[in-house]
1. So which of B:ALA119, B:ALA159, B:ALA76, B:ALA150 is under 30 Å from B:ALA201 (Cα atoms), within 11 Å of another protein chain (Cβ to nearest Cβ) and within 20 Å of the chain's Cα centre (by Cα)?
2. In the stretch B:138-152, is there at least one residue being among the aliphatic types (A, V, I, L, M) and within 16 Å of ligand 1 (Cβ to nearest atom)?
3. Is it fair to say B:VAL96 is touching a helix residue (DSSP H, G or I) at 6+ places or on another chain (Cβ under 8 Å), among the β-branched types (Val, Ile, Thr) and modelled with pLDDT of 95 or more?
4. Checking B:MET198 against (1) at pLDDT below 95; (2) surrounded by 20 or more Cβ atoms within 10 Å (Cβ to Cβ); (3) aliphatic (A, V, I, L, M), only one condition comes out false. Which one?
5. Quickly run through the stretch B:1-41 and pick out the residues that are away from ligand 2 (no atom under 13 Å from the Cβ) and among the polar types (S, T, N, Q).
6. Working only within the stretch B:127-154, note down all residues that are part of a helix (DSSP H, G or I) and over 22 Å from B:GLN86 (Cα atoms).
7. Could you pull out every one of the helices (runs of 4 or more DSSP H) wholly within the stretch B:42-126 that has 2 or more residues that are over 25 Å from B:LEU178 (Cα atoms), away from ligand 2 (no atom under 16 Å from the Cβ) and among the hydrophobic types (A, V, I, L, M, F, W, C)?
Amino acid sequence: MTDFTTWDILRNLLLATRWTILLSLVAFLGGGLLGLALLFLRIGRLSWPRQAVRGYVEVFQGTPLLMQLFLAFFGLGLFGFDVPAWLAAGLTLILWSAAFLTEIWRGCVDAVVRGQWEASASLGMGYVQQMRYVILPQAMRIAIPPTVGFSVQVVKGTALTSIIGFVELSKAGTVVTNATFQPFTVYGIVALIYFCLCWPLSKSSQVLERKLNVAHRDH
Amino acid sequence: MSLIEITDLRKSFGETEVLKGITLNVAPGEVIAIIGKSGSGKSTLLRCINGLETVNGGTISVAGAQLQADEPHLKALRLKVGMIFQQFNLFPHLTVGGNVMLSQTVVKKTPTVEAEAMARKMLDRVGLGHRFDAWPSELSGGQQQRVAIARALAMQPIALLCDEITSALDPELVAEVLAVVRELAADGMTLILVTHEMGFARDVCSRVVFMHQGRVHEMGPPAEIFASPKTPELRQFVGKQ
Ligand SMILES: Nc1ncnc2c1ncn2[C@@H]1O[C@H](COP(=O)(O)OP(=O)(O)O)[C@@H](O)[C@H]1O
Ligand SMILES: [Mg+2]
């Protein structure tokens, strides 16, 4: 049996971290785009798309991400689709992120005070113009801190995809542990890497929130 | 010929009827003060005239066109009738100039250059031409309310609805806003004002409407209304002021 130096362990884990980062980016950006499309249905004036999106959000928020991954990976397999782990992981995380982001952003649109709707209406603006020029610009400012904060959940969420066999940071940790029999060192490093990814995100979310609050107080 | 004709207007929120048949005709250039206790339906009446509330009965027509609840009709109505709110409701993400220009460019499709010229003119009119590039948050309440007036005026409405526009202001800032309204009245703008400033109503308005429990309880020229109120409710209300 070969001896692993700490450097070997670290190198292998860092290589796998690329996949964690890539999966996080895909999930966050894909979820963001889908979430934005769903947001417009959710706050639109047509009733049935609103209800449909609400149902979608409730399903994804009301079930564990792990079950969603299993269903995508094994469930589609039952129907004869051979789903590779990366595809099941990517798709599920996109759908899951979209559900949460839609709900976060809807809250931000609701947070714009009613007077803004009334003032813009009394100036003759229609619904689309109100949204585009008055409500969304304000909602976007409110949305920045919670959205950045949610990206932390996405990074941590990618760890679950190790269970369906996608080799990202957590899965690599298991593989390396099996080879080295040094679980404490390996998982210690894994945790440290997650921390290095997440901490700057949650910190910047806090800073942004404080900044926007100060700006808001001045209004 | 009336500019605004309100006939037997009824409005309910759920089971409670808030406006119980309001009839009111406003001639061009008239300045009307609506007074009455809190909860008597004054704001609801203004909001119905501007189409912010859907009505349950009766009719409202402005310059001969009847109010209808679809977007094109509402837009046409709101181009004719502007509204100023107690809480100013300036757009916080736009500068003062941006606030006054936005609806011109977006709703009327006025070219930017013309919209800016109009914005500067209207801001001058309310004495704030020099604050064109300021942010709403940098202004006092009185200044913000004057910007809101300029913003409404820039759409060149034929009438303005003002709902307690000085009630959210510190006492020392009330006069500057009332001075602007006084000038509008002198220029012949048709105004409907909900107000608690009885002195102002007496000086500036051509007619005072006293609302009580969702009805026009008494109506007349200010001298009559304030000096010899006919109903006990108005007598009590005027006595308290
Ligand atoms: N959106 C609403 N939903 C339910 N009730 C309302 C609403 N707006 C106003 N009301 C009620 O209608 C009545 C008249 O309100 P309002 O027109 O604001 O009176 P005023 O402006 O004279 O104080 C009040 O009893 C108020 O509680
Ligand atoms: Mg009121």
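The values are calculated or read from the model by the stated rules, or taken from the named source; none is laboratory data. This is a predicted model, so every value here is computed, not measured. In this analysis, Cβ positions are derived from the backbone assuming ideal geometry, glycine residues included, and neighbour counts consider all displayed protein chains.
1. Details: B:ALA119 fails: within 11 Å of another protein chain (Cβ to nearest Cβ); B:ALA159 fails: within 11 Å of another protein chain (Cβ to nearest Cβ); B:ALA150 fails: within 11 Å of another protein chain (Cβ to nearest Cβ).
B:ALA76 is the lone residue from the list that is under 30 Å from B:ALA201 (Cα atoms), within 11 Å of another protein chain (Cβ to nearest Cβ) and within 20 Å of the chain's Cα centre (by Cα).
2. Taking every residue of the stretch B:138-152 in turn, none turns out to be among the aliphatic types (A, V, I, L, M) and within 16 Å of ligand 1 (Cβ to nearest atom).
3. Numbers: touching a helix residue (DSSP H, G or I) at 6+ places or on another chain (Cβ under 8 Å): yes; among the β-branched types (Val, Ile, Thr): yes; modelled with pLDDT of 95 or more: yes.
Taking the combined requirement at face value, the residue satisfies it.
4. If we test B:MET198 against (1) at pLDDT below 95; (2) surrounded by 20 or more Cβ atoms within 10 Å (Cβ to Cβ); (3) aliphatic (A, V, I, L, M), just (2) comes out false.
5. B:SER2, B:THR7, B:SER12, B:THR16, B:THR23, B:ASN25
6. If we filter the stretch B:127-154 for residues that are part of a helix (DSSP H, G or I), which is where we start, we get B:129-131, B:136-138, B:141-153.
The answer is B:GLY129, B:HIS130.
7. Once the helices (runs of 4 or more DSSP H) in the stretch B:42-126 are filtered for at least 2 residues that are over 25 Å from B:LEU178 (Cα atoms), away from ligand 2 (no atom under 16 Å from the Cβ) and among the hydrophobic types (A, V, I, L, M, F, W, C), what remains is B:71-80, B:96-107, B:112-125.
Matching residues to (1) more than 20 Å from A:GLN116 (Cα to Cα); (2) in contact with a strand residue (DSSP E or B) (Cβ under 9 Å, 6 or more places away or on another chain):
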| position | (1), (2) |
| --- | --- |
| B:ARG125 | yes, no |
| B:LEU169 | no, no |
| B:ALA186 | yes, no |
| B:ARG207 | yes, yes |
